[in-house]
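Trainee: The structure follows.
The values are calculated or read from the model by the stated rules, or taken from the named source; none is laboratory data. What you see is a predicted model, and the numbers here were worked out from it, not measured in a lab. Glycine also receives a Cβ, built like all others from the backbone with ideal geometry; neighbour counts cover every protein chain displayed.
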Amino acid sequence: MSHLSRRDLLRASGAGLLTLTAGGALAACSGSDSATATGGDAATGTVTVWSWTSAATALRAVVPAFEKDNPGIKVDVQDVGEPAIWDKITVGLAAGGQGLADVLHIGCDYLPGYLEKFPGGLADLSALGADAHKDKFVQGLWPTVSGKDGHAYALPWEVNPLGFFYRKDLFDKAGLDPESIATWDDLVAAADRFKAANPGVALLGINKPGTPDVDVNLLQALMQLQGGFYFDLKGDITLSSPQAVKAMTVLKRLDEAGLVADSAGDHGWSNLVKDNKVAVAPLAAWAAHYLETKFPDQSGKWRLARPPAVTPGGKRAAIVNSTNLAVAASSPRRVAAWKFVEYALTRPAPMNAMFAAGGVFPALSAAHADPTFAAPSAFYGGQPVLKTFADLLAEGADATNYSGDYARALKLVGDVQVKVLVKGTDPAAALQDAAKQLAQQTGRPLA
């Protein structure tokens, strides 16, 4: 399972983007016109790439082959660091593209904000031929790299589908088969049976009071399983939608059934797992390697299943986050930069070379045919967990629009989760109030 050495799940505060565009000093001198950079279309030269940690290592793995196949182009991959990269990109875009690298590694939570707040800052990749690759990526990703004009401004690179990791030994004690659990309500219905067989063990660990930080990853995933989120694809607010209310209600019912342990505090969740106090980890693909390396003494006890649907007959697949490669519009080597992006992200061999080097789960569907994805894992009892994730992606997931106001929504929904789990607040009422606040703060309409 060395192929899944990946950074932790994207956690976007969005603070830098908000500071620079919501009344900050740079916002005052960087209106939409100044963010429209004028670059050049040179097809040769040295292409600089900004990325971070293992993803930068992954990109470097394809550079030798690319340079051999594209004489006249050199590639310099720079590990800028994360979250430092977001400040550097934001400052560069606010300055009309000054100082930016040619190729930018951008998360799904930042790309919409850059497109909204700095129009013209990223190159139109559709004009360079990106649309020819539209159907090569897993379902649910192309809308997330497209602007309001329908043009692509990035290509998908990494995709993190949601998984349902579970302790087989603990479920076996209760006589429960997670593969046969169709919905999250089915888990609630099995609460007494599970608890009787596993005294002192909870199903999930959730940071109820939000200390030190609120974790709403599961809540978001429950919305995404229903095709919902804080915003729809138009950017209208859906924070109080039926999907959002259902997701928050599921969390409330799990807690009321005694299936949730409080993971507050530093390393609270990992301590619960280490002490065998939780039986389920509803996490994305990156977690396969995390569990294996963090808890080696639990080898053979974990398995991976399809996530339960939120509603009967609902989807079991969700993309919880993704990352992309974009080209700066200010680049004097846009054609050369595009050649590298296209080479790295639209061919199975380079994609899987990067997967092997840096653990970046490929967004390119054809990459999943590689034998690597069918390999068994001893930690998961011989189960080929990568194949499970690939199969989930093949089922098709819905697109998520983080918008340029994700950070504001994240803060509000975090407050709602704490109110619901700690104070017993009604989910629908709390979400409706939060949606109204979000509308007031952003000027976005309620869907």
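Trainee: Among the residues of the range 135-149, is any under 17 Å from residue 343 (Cβ atoms) and out of contact with any strand residue (DSSP E or B) (no Cβ under 7 Å at 6 or more places or on another chain)?
Mentor: The answer is no, given that none of the residues of the range 135-149 is under 17 Å from residue 343 (Cβ atoms) and out of contact with any strand residue (DSSP E or B) (no Cβ under 7 Å at 6 or more places or on another chain).
Trainee: So which of 439, 399 is surrounded by fewer than 22 Cβ atoms within 10 Å (Cβ to Cβ) and either in the same structural domain as residue 246 (by TED's automatic domain parsing) or in a helix (DSSP H, G or I) (or both)?
Mentor: 439
Trainee: Another one. Which condition number does residue 408 fail, the rest of (1) farther than 30 Å from residue 136 by Cβ; (2) not in a helix (DSSP H, G or I) being met?
Mentor: The failed condition is (2).
Trainee: Also, quick follow-up: Considering only the range 375-394, I want to know if a residue exists there that is crowded, with 19+ Cβ neighbours inside 10 Å and touching an Asp or Glu at 6+ places or on another chain (Cβ under 6 Å). Before the answer, list the steps.
Mentor: Applying the first criterion (crowded, with 19+ Cβ neighbours inside 10 Å) to the range 375-394 yields 377, 379-380, 385-386, 388-390, 392-393.
Remaining after also requiring touching an Asp or Glu at 6+ places or on another chain (Cβ under 6 Å): 379.
Yes - at least one qualifying residue is present in the range 375-394.
Trainee: Take residue 131 and decide whether it is part of a loop (DSSP other than H, G, I, E, B), surrounded by fewer than 18 Cβ atoms within 10 Å (Cβ to Cβ) and over 22 Å from the mean Cα position of the chain (by Cα).
Mentor: no
Trainee: Assess whether residue 235 counts as being in the same structural domain as residue 180 (by TED's automatic domain parsing) and surrounded by 16 or more Cβ atoms within 10 Å (Cβ to Cβ).
Mentor: Details: in the same structural domain as residue 180 (by TED's automatic domain parsing): yes; surrounded by 16 or more Cβ atoms within 10 Å (Cβ to Cβ): yes.
For residue 235, the condition - in the same structural domain as residue 180 (by TED's automatic domain parsing) and surrounded by 16 or more Cβ atoms within 10 Å (Cβ to Cβ) - is met.
Trainee: Identify the residue in the range 167-224 that is of a type in the set (S, T, N, Q) and farther than 18 Å from residue 263 by Cα and, among all such residues, is surrounded by the fewest Cβ atoms within 10 Å (Cβ to Cβ).
Mentor: 180
Trainee: Is it true that residue 301 is of a type in the set (D, E, K, R) and either under 30 Å from residue 143 (Cβ atoms) or surrounded by fewer than 17 Cβ atoms within 10 Å (Cβ to Cβ) (or both)?
Mentor: In short, no.
Trainee: Considering each residue of the range 59-113, count those that are over 22 Å from residue 404 (Cβ atoms), within 20 Å of the chain's Cα centre (by Cα) and in a loop (DSSP other than H, G, I, E, B), and give that number.
Mentor: Selection size over the range 59-113: 1.
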